[in-house]
1. Looking at A:Glu11 and the list (1) more than 13 Å from RNA strand B (Cβ to nearest atom); (2) among the acidic types (Asp, Glu); (3) assigned to a strand (DSSP E or B), which single condition is not satisfied?
2. For A:Gln246, are the conditions met, namely being at pLDDT 95 or above and closer than 23 Å to A:Ile437 by Cα?
3. Could you say whether any residue in region A:105-120 is of a type in the set (S, T, N, Q) and more than 9 Å from RNA strand B (Cβ to nearest atom)?
4. Return only the number of the condition from (1) at pLDDT below 95; (2) out of contact with any strand residue (DSSP E or B) (no Cβ under 7 Å at 6 or more places or on another chain) that A:Gly209 does not satisfy.
5. If the requirement is being closer than 28 Å to A:Asp132 by Cα, of a type in the set (A, V, I, L, M) and in contact (Cβ under 8 Å) with a residue 40 or more places away in the chain, which of these qualifies: A:Val37, A:Val21, A:Val51, A:Val97?
6. Does A:Ala540 count as within 16 Å of RNA strand B (Cβ to nearest atom) and under 28 Å from the mean Cα position of the chain (by Cα)?
7. Filter region A:229-264 down to the residues that are part of a loop (DSSP other than H, G, I, E, B) and surrounded by fewer than 17 Cβ atoms within 10 Å (Cβ to Cβ), then identify the one that is farthest from RNA strand B (Cβ to nearest atom).
8. A:Pro218 - would you say it is modelled with pLDDT under 95 and not hydroxyl-bearing (Ser, Thr, Tyr)?
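The values are calculated or read from the model by the stated rules, or taken from the named source; none is laboratory data. Fair warning: this is a prediction, and the values are worked out from it, not measured in the lab. A quick note on method: Cβ atoms are made from the backbone with ideal geometry, for glycine too, and the neighbour counts reach across all protein chains shown.
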Amino acid sequence: MNIYRTHNCNEVRASNSDEKVTLSGWIHKKRDHGNLVFIDLRDNYGMTQCVVQKDSSHFEEIEKLKLETVIKITGSCIKRAADAINAELDTGEMEVVVDSMEVLGTCGELPMPVFSDQEYSEDIRLKYRFLDLRRKKIHQNIILRSKVISFIRDKMSQLGFLEFQTPILTASSPEGARDFLVPSRLNPGKFYALPQAPQQFKQLIMVAGFDKYFQIAPCFRDEDARADRSPGEFYQLDIEMSFVEQEDIFTILEKLMNDVFSQFSKKKIISKVFPRISYDDALLKYGTDKPDLRNPLIIYDTTDLFLSEEVKFEIFKKLIKQGSLVRAIKTTKTSEQPRSFFDGIDKWAKEQGASGLAYLTIENNNNVLSGKGPIGKLFSEAAIKELMKLCEAEVGDSIFFACGKKSEVEKLSAIARDKIANELKLIDENTFAFCWIVDYPMFEQDPVTNKIDFSHNPFSIPQGKTENIDFDNPLNIKAYQYDIVCNGIELSSGAIRNHKPELMYKLFGIAGYSKDQVDDKFSGMINALSYGAPPHGGIAPGLDRIVMLLADEKNIREVTMFPMNQGAQDLMMNAPSDVTDQQLKELNLKKIK
RNA sequence: GGGGGUGUAGCUCAGUUGGUUAGAGCGCUGGCCUGUCACGCUAGAGGUCGCGAGUUCGAGUCUCGUCACUCCCGCCA
């Protein structure tokens, strides 16, 4: 028999009446009545109330124990009186009358309480993460994370995928994020890099003929943190498949996401088949390539209307002639909204650094259509009719207008769409709205330097037959590149890969890489592609973000066991830290300062 | 690198227009209490008001600088 426990702290039930039991756990809470002490004993599984009577030989010792001390108790499990039952506890019908007690782990004064629903500052939580993790909500989040990973592993195996590990020490690559570097002792002056993702390896696994691969893969990127982005490291469900087209990937992922999200959340998935939205459409209709489709508002382009004689809005006309666009957001049945609602949105837009949001509400006065609001009178009836057609609007609807250069107006209209929907409470928090964003451009142009670079992954394959691709206008080339977005959060991106070396050289050439550079920087890949590479593609959903959505958390640290802070420091382990001169010498490194 | 927010007891916070000895709850220490489950009652300890300058007769409060944490932009799948 185990010396520490016969039952865990969530096990005793009425059926255990009068049994002798041994429990071990943490003192969660103590209620000292002077001649009677109640102890809530907690472990991973739950809580059991223990009672110590005055006549117990351990009474005085137990009275003095601090919260969070780890103890072992042995005693009789007895049924509580009817009026003493605690319905909120699984073990609430029972209590254990303590005969003997042993302290297994002492506890000093706590820097932060475990028993409390209060919020604590991040530094204290991270420094004493082991205490923080005892607290219920985050404890459950971490357990959820574990269950999600197990579930995914199961599903992937069932679907015929094989799980492989790929190297953690690998080569630095010029694309993408900043690398974490690791100096090589045996190769003085040279460095390994931690993988930003197992991108090249998973493609090599396909070239090696394994057909379907997955991995819960650690990824390392030396970039600044955000609430939904850990500094340094995060996990992806990395997937790659051979002999597939985009639709094959979509089928697998839709099944997986539907299974995972319906298994671990009560929220409703709005559409089991995820809508497909082209990148260009997404930017027009939502102003972003990660739209929250729970938000019903849609953005319309009304630039041409403002150029017409029927609209007398001179400021916008002038801006349009200088290259600006006008985008409109329609809200339905908002004619009854108070003036403060509209002005509030306008004021908010100005706080965002925009020149504001113009607005009008469509009215019908004696069968004459007109616009109400500050700019309403600048619209003729014909203009109102045209506007209604453009924005699919009806009498009683309101329309907000943003004007600016393409990227500015997209940005403003995107956040305005969120803001307005929140004000009008249009977002159903109890749903998941997935979508695919497809048809990403292969290249993009830096607005400052005009340099053409890959917009996403350089290993994606362009759409269409190679001989039909318009290499002279690279910005028009679309790739089989796609993202999954859920509730406005980008969950993953993937692509059908380019498995043709000649085409790859050509595309890298457009981005300014010579053949020699490609051979040098991507030697493993490019070499492999010339020895019989299957067509292949994949995707890599962010695991941390999936768990965030399932746990309904806004911050990635709430689903990460031992996260670093925003400054990329581990306050508990004191990383990063100084190292000895001897260590540096072995690595052939010298500090500059 | 830039912008916003926060920083007062071990923890979470309050602190009025700049005015006497800086408060509350939890925790801690002591006393009382046999049915609590946020136990109750009672007494007490605990403060470089992030740090440094400045203004002022007087600064937790105002000004400047600085540091830490956090959110956002840049950056990043």
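1. Checking A:Glu11 against (1) more than 13 Å from RNA strand B (Cβ to nearest atom); (2) among the acidic types (Asp, Glu); (3) assigned to a strand (DSSP E or B), the one that fails is (3).
2. Values: at pLDDT 95 or above: yes; closer than 23 Å to A:Ile437 by Cα: yes.
So A:Gln246 passes the test.
3. Going residue by residue through region A:105-120, those that are of a type in the set (S, T, N, Q) are A:106, A:116, A:118.
Those left that are additionally more than 9 Å from RNA strand B (Cβ to nearest atom): A:106.
Yes - at least one qualifying residue is present in region A:105-120.
4. So A:Gly209 meets the others, but not (1).
5. Details: A:Val37 fails: in contact (Cβ under 8 Å) with a residue 40 or more places away in the chain; A:Val21 fails: closer than 28 Å to A:Asp132 by Cα; A:Val97 fails: closer than 28 Å to A:Asp132 by Cα.
Sole residue among the options that is closer than 28 Å to A:Asp132 by Cα, of a type in the set (A, V, I, L, M) and in contact (Cβ under 8 Å) with a residue 40 or more places away in the chain: A:Val51.
6. Values: within 16 Å of RNA strand B (Cβ to nearest atom): yes; under 28 Å from the mean Cα position of the chain (by Cα): yes.
Here the answer is yes, as A:Ala540 does meet what is asked.
7. The residue in question is A:Phe243.
8. Values: modelled with pLDDT under 95: no; not hydroxyl-bearing (Ser, Thr, Tyr): yes.
No: the conditions fail for A:Pro218.
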